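**Q** The structure is given below, and queries will be raised subsequently.
The values are calculated or read from the model by the stated rules, or taken from the named source; none is laboratory data. Just so it is clear, the structure is predicted and the values come from calculations on it, not from any experiment. Note: ideal-geometry Cβ built from the backbone for every residue, glycine included; neighbour counts use all protein chains shown.
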Amino acid sequence: MSDTTLAHGAHAPHKDYEGAKTGMWIFLFTELLLFGGLFLVYSVYRTLYTHDFHLAAGHLNVPLGVTNTFVLLTSSLTMVLSVTALQKGDRQSALNTLGWTLFLAGLFLVIKFFEWSAKIEHGLYPGSPVLKSLPAGEGLFYGLYFVMTGLHGFHVIVGMILLSVIAFQVKSGRVHQGDFVKLENAGLYWHLVDLVWIFLLPLFYLTN
Amino acid sequence: MTDKASGATPPRGFYGPEGGGGGLLSWVFSTDHKRVGLLYLYSLLSFFAIGAILGLTMRAELLMPGQQLVSPRVYNSLFTLHGVIMIFLFIVPGIPAIMGNFMLPLQIGAEDVAFPRLNLASWWVYMVGAFLAVTSLFSGGGAPDTGWTFYAPYSIRTNSNVSLAVLAAFILGFSSVLTGINFITTIHRMRAKGMGFFRMPLFVWSLYATSWIQVIATPVVGITLVLVVLERLLGIGFFDPAAGGDPILYQHLFWIYSHPAVYIMILPAMGVISEILPTFSRRTIFGYKAIAMSSMAIAGVGYLVWGHHMFTTGMSDTSRVVFSLMTFLVAIPTGIKIFNWVATLYRGSISLESPMLYAMAFIFLFSIGGLTGLVNGALSTDIHVHDTYFVVGHFHYVMFGGTGIALFAALHYWLPKISGRMVNEKKAKRAFWLVVIGFNLLYFPMLVLGIMGMPRRYHDYLPIFQTPHVISTIGSWVIATGLVLMFWNLWSSARRGALAGNNPWGGTTLEWQTTSPPPTLNFDAPVTVTAGPYERGEGRTA
């Protein structure tokens, strides 16, 4: 997204910081609407099946969910630190904090993996015989749980790929103090991932 | 490309070595907005041809009651594919992807769009989606047979290859979002010096409004289509009544996008008309700000009317009244545009070249489409015409009579700029009359059939419906002949037509200031704008 107009012929490269940021913000807006569709489905079924949702949420592991929230919030902090460090010209520090962000993102996925595995072990996955025996609302709850945290997890993976690519570009000097908009845009994306999770936590874990 | 008779050739412009030359790779990997626009042109027109052949096959089947050519099952696939290809592959990307890409940077005096590589990427994403859509016809459980709307629960139960088709639609939506982001950023950041928002050509305004709808509405259908795939693969149950899900929720989510999508289709068409009318009536546009703002109003109100697709499928009366009211409100900005266009013609020095003829046909056909839309938007009459041929007729008057005809107008208007050569007017006018007469023969009987009670999407019909069906099928042959002549004429004119020069029509917007075809960087010197887009007279640009 942080693409800039390439020079044709002999013209100097056209770099538009504001433009790159504008494009990124609009893209994030589309991401919000993508999740927005799911939040809409959630609110409809929560209204229809309030009691079932309440019961189903009781089976989720609150300590793990809260731990993951702290993991992601901390990764957002290290992300900001990385951008600030690069703006100040401290490349090494920028790379270190970026490394921490990647580590925390990985940790989030590991914790999520154990959570999902436990649910699947108990037969709580979409279309499972166990879920079919439960009231319809609980089935929909777990459907939403897996789809929404799954889509969020997919965004975490995409974010990790994005941040890794940019870490290499910081290392090679393509992204530097004078041209850091790619890192900044990747940071914006990462905060969105964080923000979505902040809504997922209360909607799934804390409604019991 | 040379004119043997006169020996004169237009400048090579962006077709030349500076723009990458003529090799295939230099086209499919070009980040030049003009080349990307032409890539879209050829891709979209190819799919338009396929969609048209599917449509002609359906019309041939409907010539007589009973089974002629295809079985009911194949007929279901035909109308599904005709819809999917025409909507997702042709008319949604349509004018923005072709003409927007080519003309937007030229009209605002920029060298390119804001993100040229992203622009190229969106074409590749489009091609991947198109490839998957075509693959879905020949693989898995056979071509989808759900209709282009993929309504649940049938779409989650049928064995046909719905998953792949839906995935294709999702990917095409992604391409559309990328184009939207690119255009919004371009319009905000790349305007020439002196061009404030209210000095932008109206085509640019319409692209701006369109891009916002693309950005706001497409993600919702994107996630909905993903849910259909997950529903089929994993059985999450969101739209399956057996699992406690609600199929009507699917319809809401689908139309939250797909109704604004019709404004994605029509707004750029209105933009094209707003360019052509002042040029061919040698006047400034009447009510510039009203037209610009009405585009934004249509985009805004159009987002809140999706429920009118569902008047008969289960909604509270309150919702139905509100959605009906909002639907009627859309008619106001649309009416503002039509009145301003007609006022532009008043006391103008009108010349009826082919682009102007198509623009006139647009106003006529689109007005029929718009007024029949109100019949669908009113609660009582909608009960009678819902899911009948009336809806099919209305939709084709708006989409084909509106957007399709406007694209043809744009092709005739801007061909001199794109190719450097003029359209053969005599042949263009012949093709025009065949297209317009064929169009009305083809679609007007559908309105009549709908009022008579003929349901849509049926392979067979009762003998009382035969006369309108025969007229309609004959119309399909007339318009097909017209379209072949039109495209043949455009193609041969682009190769052998008379030289156009920079400004053959006397247009006032910036694209006419540069050479035809434009050089790779569009303008030889930076552009400064000192007047509104349609003001005539000396020294309006420097």
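**Q** Would you be able to say whether some residue in the stretch B:327-335 is touching a Phe, Trp or Tyr at 6+ places or on another chain (Cβ under 7 Å) and assigned to a helix (DSSP H, G or I)? Before you say what the answer is, go through the steps one by one.
**A** Taking the stretch B:327-335 and keeping what is touching a Phe, Trp or Tyr at 6+ places or on another chain (Cβ under 7 Å), we get none.
No, every residue in the stretch B:327-335 fails to be touching a Phe, Trp or Tyr at 6+ places or on another chain (Cβ under 7 Å) and assigned to a helix (DSSP H, G or I).
**Q** Considering only residues that are among the hydroxyl-bearing types (S, T, Y) and loosely packed, with under 13 Cβ neighbours inside 10 Å, which ones fall in the stretch A:85-122?
**A** Initial filter on the stretch A:85-122 (among the hydroxyl-bearing types (S, T, Y)): A:93, A:97, A:101, A:117.
Residue satisfying the conditions is A:S117 alone.
Residue-wise test of (1) at pLDDT 95 or above; (2) buried (at least 18 other Cβ atoms within 10 Å of the Cβ); (3) in contact with a Ser or Thr (Cβ under 8 Å, 6 or more places away or on another chain).
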{"position": "A:V130", "(1), (2), (3)": "no, no, no"}
{"position": "A:A136", "(1), (2), (3)": "no, yes, no"}
{"position": "A:I157", "(1), (2), (3)": "yes, no, no"}
{"position": "A:L163", "(1), (2), (3)": "yes, yes, yes"}
{"position": "A:F168", "(1), (2), (3)": "yes, no, no"}
{"position": "A:G173", "(1), (2), (3)": "no, no, no"}
{"position": "A:Q177", "(1), (2), (3)": "no, no, no"}
{"position": "A:F180", "(1), (2), (3)": "no, yes, no"}
{"position": "A:G187", "(1), (2), (3)": "yes, yes, yes"}
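**Q** Related question: May I ask you to list pairs of residues, at least six apart or on different chains, whose Cβ atoms are under 8 Å apart, with the first in the stretch B:1-27 being acidic (D, E) and the second being surrounded by 12 or more Cβ atoms within 10 Å (Cβ to Cβ) and at pLDDT below 80?
**A** Close Cβ pairs satisfying both conditions: B:E18/A:H8.
**Q** Can you pull out the residues in the stretch A:43-71 that are within 10 Å of another protein chain (Cβ to nearest Cβ), buried (at least 20 other Cβ atoms within 10 Å of the Cβ) and under 30 Å from B:F170 (Cα atoms)?
**A** So the first thing to find is which residues in the stretch A:43-71 are within 10 Å of another protein chain (Cβ to nearest Cβ), and the list is A:44-45, A:48-49, A:52.
Those left that are additionally buried (at least 20 other Cβ atoms within 10 Å of the Cβ): A:45, A:49, A:52.
Passing the criteria: A:Y45, A:Y49.
**Q** If you don't mind, there's one more thing I want to ask. What is the number of the single condition among (1) buried (at least 19 other Cβ atoms within 10 Å of the Cβ); (2) touching an Asp or Glu at 6+ places or on another chain (Cβ under 7 Å); (3) modelled with pLDDT under 95 that B:T284 does not meet?
**A** Here B:T284 meets the rest and fails (1).
**Q** Outside any helix (DSSP H, G or I) and under 30 Å from B:R536 (Cβ atoms): which single residue out of B:I273, B:I285 fits that description? Lay out the reasoning, then the answer.
**A** Values: B:I273 fails: outside any helix (DSSP H, G or I).
Result: B:I285 is the single residue among B:I273, B:I285 that is outside any helix (DSSP H, G or I) and under 30 Å from B:R536 (Cβ atoms).
**Q** Answer with yes or no whether B:P153 is closer than 24 Å to B:W255 by Cα, away from chain A (no Cβ under 14 Å) and surrounded by fewer than 24 Cβ atoms within 10 Å (Cβ to Cβ). Spell out how you get there, then give the answer.
**A** Details: closer than 24 Å to B:W255 by Cα: yes; away from chain A (no Cβ under 14 Å): yes; surrounded by fewer than 24 Cβ atoms within 10 Å (Cβ to Cβ): yes.
Taking the combined requirement at face value, the residue satisfies it.
**Q** Among (1) under 20 Å from A:P202 (Cα atoms); (2) at pLDDT 95 or above, there is one condition A:G99 misses while meeting the rest; what is its number?
**A** Condition (1) is where A:G99 drops out.
**Q** Return the only residue of B:G66, B:G100 being assigned to a loop (DSSP other than H, G, I, E, B), over 14 Å from B:A165 (Cα atoms) and not hydrophobic (A, V, I, L, M, F, W, C).
**A** On the way: B:G100 fails: assigned to a loop (DSSP other than H, G, I, E, B).
Step by step, each of B:G66, B:G100 is checked, and only B:G66 is assigned to a loop (DSSP other than H, G, I, E, B), over 14 Å from B:A165 (Cα atoms) and not hydrophobic (A, V, I, L, M, F, W, C).
**Q** Okay, next question. Go through (1) within 28 Å of B:N101 (Cβ to Cβ); (2) part of a loop (DSSP other than H, G, I, E, B) for B:L483 and report which single condition fails.
**A** The one condition B:L483 does not meet is (2).
Matching residues to (1) surrounded by 24 or more Cβ atoms within 10 Å (Cβ to Cβ); (2) modelled with pLDDT of 95 or more; (3) touching a strand residue (DSSP E or B) at 6+ places or on another chain (Cβ under 7 Å):
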residue	(1), (2), (3)
B:D382	no, no, no
B:H386	no, no, no
B:H394	yes, yes, no
B:A406	yes, yes, no
B:Y413	yes, yes, no
B:N424	no, yes, no
B:K429	no, yes, no
B:G438	no, yes, no
B:V448	no, yes, no
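**Q** For the stretch A:13-42, how many residues meet the condition of being outside any helix (DSSP H, G or I) and either touching a strand residue (DSSP E or B) at 6+ places or on another chain (Cβ under 8 Å) or facing chain B (nearest Cβ under 9 Å) (or both)?
**A** The first filter runs over the stretch A:13-42 and keeps only residues outside any helix (DSSP H, G or I), leaving A:13-16.
If we keep only those that are either touching a strand residue (DSSP E or B) at 6+ places or on another chain (Cβ under 8 Å) or facing chain B (nearest Cβ under 9 Å) (or both) as well, we get A:14-16.
Residues in the stretch A:13-42 being outside any helix (DSSP H, G or I) and either touching a strand residue (DSSP E or B) at 6+ places or on another chain (Cβ under 8 Å) or facing chain B (nearest Cβ under 9 Å) (or both): 3 in total.
**Q** Run B:Y288 past the list (1) touching a Pro at 6+ places or on another chain (Cβ under 9 Å); (2) in contact (Cβ under 8 Å) with a residue 40 or more places away in the chain; (3) over 23 Å from B:G100 (Cβ atoms) and report the number of the one that doesn't hold.
**A** Result: B:Y288 fails condition (3) only.
**Q** Also: Please go through the stretch B:502-529 and give me each residue that is away from chain A (no Cβ under 14 Å), in contact (Cβ under 8 Å) with a residue 40 or more places away in the chain and under 17 Å from B:G13 (Cβ atoms), ordered by number. Before you say what the answer is, go through the steps one by one.
**A** Quick first cut of the stretch B:502-529, residues away from chain A (no Cβ under 14 Å) only: B:502-517, B:527-529.
Next, from what is left, pick out any that are in contact (Cβ under 8 Å) with a residue 40 or more places away in the chain: B:504-512, B:514-517, B:527-529.
Within the stretch B:502-529, B:P504, B:L510, B:E511, B:W512, B:T514, B:T515, B:S516, B:P517, B:V527 qualify.
**Q** Being aliphatic (A, V, I, L, M) and assigned to a helix (DSSP H, G or I) is the filter here, so list the residues in the stretch B:148-170 that pass it.
**A** Answer for the stretch B:148-170, where residues must be aliphatic (A, V, I, L, M) and assigned to a helix (DSSP H, G or I): B:I156, B:V162, B:L164, B:A165, B:V166, B:L167, B:A168, B:A169.
**Q** Can you pull out the residues in the stretch B:448-480 that are aromatic (F, W, Y) and either assigned to a helix (DSSP H, G or I) or free of Cβ contacts under 8 Å to residues at least 60 places away in the same chain (or both)? Reasoning before the result, please.
**A** Of the stretch B:448-480, the ones aromatic (F, W, Y) are B:458, B:461, B:465, B:477.
Within the stretch B:448-480, B:Y458, B:F465, B:W477 meet the criteria.
**Q** Sticking with this one: Go through the stretch B:124-133 and report how many residues are within 15 Å of B:L81 (Cβ to Cβ) and either polar (S, T, N, Q) or touching a residue at least 60 places away in the same chain (Cβ under 8 Å) (or both). It would help to see each step written out before you state the result.
**A** At the first step, the residues of the stretch B:124-133 found to be within 15 Å of B:L81 (Cβ to Cβ) are B:129-133.
After this cut, where a residue has to be either polar (S, T, N, Q) or touching a residue at least 60 places away in the same chain (Cβ under 8 Å) (or both) as well, the list is B:130.
Residues that pass the stated criteria total 1.
**Q** In the list A:V83, A:V110, A:V158, which residue meets the criterion of being within 14 Å of chain B (Cβ to nearest Cβ) and part of a helix (DSSP H, G or I)? Break it down stepwise before answering.
**A** On the way: A:V83 fails: within 14 Å of chain B (Cβ to nearest Cβ); A:V110 fails: within 14 Å of chain B (Cβ to nearest Cβ).
Unique residue meeting the criteria: A:V158.
**Q** Run down B:I181, B:I223, B:I248, B:I236 and say which single residue is more than 9 Å from chain A (Cβ to nearest Cβ) and among the β-branched types (V, I, T).
**A** Working: B:I181 fails: more than 9 Å from chain A (Cβ to nearest Cβ); B:I223 fails: more than 9 Å from chain A (Cβ to nearest Cβ); B:I236 fails: more than 9 Å from chain A (Cβ to nearest Cβ).
Residue meeting the stated conditions: B:I248.
**Q** Starting from the stretch B:414-434, take each residue that is under 11 Å from B:A500 (Cα atoms) and list its partners that are aliphatic (A, V, I, L, M) and in a helix (DSSP H, G or I), counting only C-beta distances under 7 angstrom and pairs at least six apart or across chains.
**A** Once the first residue is under 11 Å from B:A500 (Cα atoms) and sits in the stretch B:414-434, its partners that are aliphatic (A, V, I, L, M) and in a helix (DSSP H, G or I) give B:W414/B:M99; B:W414/B:M103; B:L415/B:L490; B:L415/B:A494; B:S419/B:A494; B:R421/B:A494; B:V423/B:L415; B:V423/B:L490.
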